[in-house]
Amino acid sequence: MEKIFGFTQEDIKEKGMTYTANEINRQPKVWTSIYDKISYNREKIKDFMNSFDSDTRIIFMGAGSSAFIGDSLAPLVRKEFKFSDVESIHTTDIVASPSQYFVRNVKTVLVSFGRSGDSPESIAAIEIAEKHINNLYHIIITCNPLGKLAEYTNERTLNLVFEEINDEGFAMTSSVTGMMLAAYSIFAIEKNLKEEVSIIAGYAKEIIMNKYSIISKVLAKTVNRLIVLGSANLFGVARESALKSIELTRGEVMSWYDTPMGFRHGPKSLLTDNAVILFFVSNNEYTRKYDMDMLHELSKSKKHKLLVVSDKYYLEVEDYADVYIYNSMEKVVGESFTPYSALLVAQIFALFASLKIGCTPDNPFPNGEVNRVVKGVLIH
């Protein structure tokens with residue numbers, strides 16, 4: 001019988017993690033499926049994207065994990081494609097203060113992410129934008145075919161629904177990586193990314209099948225703090241990774257995210273004997289110099305555990321890390337594809353942390369203190 005993270009399906013059900021474990025596990029498969037759908041719609045997407053020139057403003061929108069997808073993508077899209085004005089602005093900020101974020105006379109594309117598509121801010125942000133921007137287009141990427149976002153369509157909207165990543169667990173996992181891949185693939189529609197997607201799916205399978213157990217080693221003793229560090233586009237990944245542990249451990253493992261360089265400026269005070277640092281190493285050669293400096297500095301202290309994730313293997317990291325996860329001894333994927341293994345490691349860490357403290361990962365808040373789909377938001 002096939003096991004997932006060392007557990008049978010009976011074990012998984014008993015521990016209350018049927019959705020979460022299986023949704024983490026399915027990511028390599030669904031990434032391929034998502035890219036196949038993008039490829040199938042290539043001409044439609046090309047026609048839509050050809051409507052925009054370098055002066056078009058791109059805004060990634062979402063709330064919670066969906067917002068952190070945009071945080072991760074914005075630096076990449078700004079660097080790699082023709083658009084110079086690219087931002088990630090959370091719907092929670094937009095709805096509360098739209099006049100500070102929207103520019104009426106600038107042609108704008110809103111890229112909206114939503115697992116359920118039913119978060120109160122999701123549609124509200126779109127409706128508010130329609131009132132504040134004269135020349136507005138939408139790219140909507142969602143997972144729920146019955147959600148309000150999936151129903152939003154007009155001649156200025158590209159709406160793509162990926163039902164295979166409609167996570168039913170409390171915390172978003174495959175929906176995060178899947179929507180991220182879909183969005184990046186839309187902006188890179190002139191490229192064939194099939195090989196890259198196959199490579200990252202292969203790396204993910206290796207982590208899921210063979211490396212998950214060493215991730216759990218950093219939880220051998222009591223852990224009540226997680227600090228996640230990543231530079232540039234990996235900063236957004238760090239934000240999402242920190243949220244996963246907060247969610248799945250119902251806040252008992254408190255998390256902080258930062259850039260490696262920023263961590264020195266006060267937040268380093270968080271380090272204790274019960275802290276784990278999850279450190280994402282950049283594939284950018286210049287940025288990585290600063291990553292290595294910080295890893296060297298962090299390795300001098302023995303009072304915390306250091307879990308490092310990189311794409312390519314680096315010998316010096318072996319000396320710094322308590323646990324080291326890497327994809328390849330020699331090959332390097334582009335910066336655009338570094339988030340996927342990093343997020344997967346963070347999800348597995350959060351899953352095992354949840355189990356260690358006795359949570360049920362599918363529903364860490366059985367009394368409803370925090371909900372899977374946000375409730376109680378009054379749109380004014």
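The values are calculated or read from the model by the stated rules, or taken from the named source; none is laboratory data. Given the structure is predicted, the values throughout are model-derived calculations rather than measurements. Please note: Cβ atoms are built from the backbone with ideal geometry, for glycine as well, and neighbour counts cover all protein chains shown.
Only one entry of V281, V332, V309 meets the criterion of being surrounded by 19 or more Cβ atoms within 10 Å (Cβ to Cβ), more than 30 Å from T142 (Cβ to Cβ) and within 24 Å of the chain's Cα centre (by Cα), and that entry is V281. Against the list (1) part of a helix (DSSP H, G or I); (2) surrounded by fewer than 19 Cβ atoms within 10 Å (Cβ to Cβ), the condition D273 fails is (1). Against the condition basic (K, R) and part of a loop (DSSP other than H, G, I, E, B), how does K217 come out, does it pass? Answer is no for this residue. Checking E121, E80, E127, E155 one by one, the residue that is surrounded by fewer than 22 Cβ atoms within 10 Å (Cβ to Cβ), among the acidic types (D, E) and in contact (Cβ under 8 Å) with a residue 12 or more places away in the chain is E80 and no other. Of the residues making up the stretch 45-64, not a single one is hydroxyl-bearing (S, T, Y) and crowded, with 20+ Cβ neighbours inside 10 Å.
When C359 is tested against the conditions (1) under 30 Å from I186 (Cα atoms); (2) surrounded by 19 or more Cβ atoms within 10 Å (Cβ to Cβ), the lone failure is (1). Scanning the stretch 34-68 for residues that are among the β-branched types (V, I, T) and out of contact with any Gly (no Cβ under 6 Å at 6 or more places or on another chain) yields I38, I45, T56, I58, I59. For the stretch 222-279, a residue qualifies if it is of a type in the set (D, E), under 20 Å from D322 (Cβ atoms) and out of contact with any helix residue (DSSP H, G or I) (no Cβ under 8 Å at 6 or more places or on another chain), and exactly one does: D273. For the stretch 240-247, the condition of being modelled with pLDDT under 95 and surrounded by fewer than 24 Cβ atoms within 10 Å (Cβ to Cβ) holds for none of the residues.
Taking the stated definitions as given, is I123 within 25 Å of Y184 (Cβ to Cβ) and over 18 Å from the mean Cα position of the chain (by Cα)? Here the answer is yes, as I123 does meet what is asked. Quick check on L298: is it modelled with pLDDT under 95 and either surrounded by fewer than 22 Cβ atoms within 10 Å (Cβ to Cβ) or not in a loop (DSSP other than H, G, I, E, B) (or both)? For L298, the condition - modelled with pLDDT under 95 and either surrounded by fewer than 22 Cβ atoms within 10 Å (Cβ to Cβ) or not in a loop (DSSP other than H, G, I, E, B) (or both) - is met.
Can you name every residue in the stretch 153-170 that is touching a Phe, Trp or Tyr at 6+ places or on another chain (Cβ under 6 Å) and closer than 16 Å to N41 by Cβ? Selection gives L158 alone.
Across the stretch 170-198, the qualifying residues are those that are in contact with a Lys or Arg (Cβ under 8 Å, 6 or more places away or on another chain) and over 15 Å from D36 (Cα atoms), and the one among them that is surrounded by the most Cβ atoms within 10 Å (Cβ to Cβ) is T173. A Cβ distance below 9 Å, combined with a sequence gap of six or more or placement on separate chains, defines the contacts here; from the stretch 40-52, residues that are closer than 17 Å to Y184 by Cβ reach residues that are assigned to a helix (DSSP H, G or I) and β-branched (V, I, T) in the pairs I45/I38; I45/I186; F48/I186; M49/I186. Identification of strands (runs of 3 or more DSSP E) wholly contained in the stretch 60-168 with 3 or more residues that are assigned by TED's automatic domain parsing to the domain that holds I24, hydrophobic (A, V, I, L, M, F, W, C) and within 24 Å of I38 (Cβ to Cβ) yields 108-114, 136-142, 157-161.
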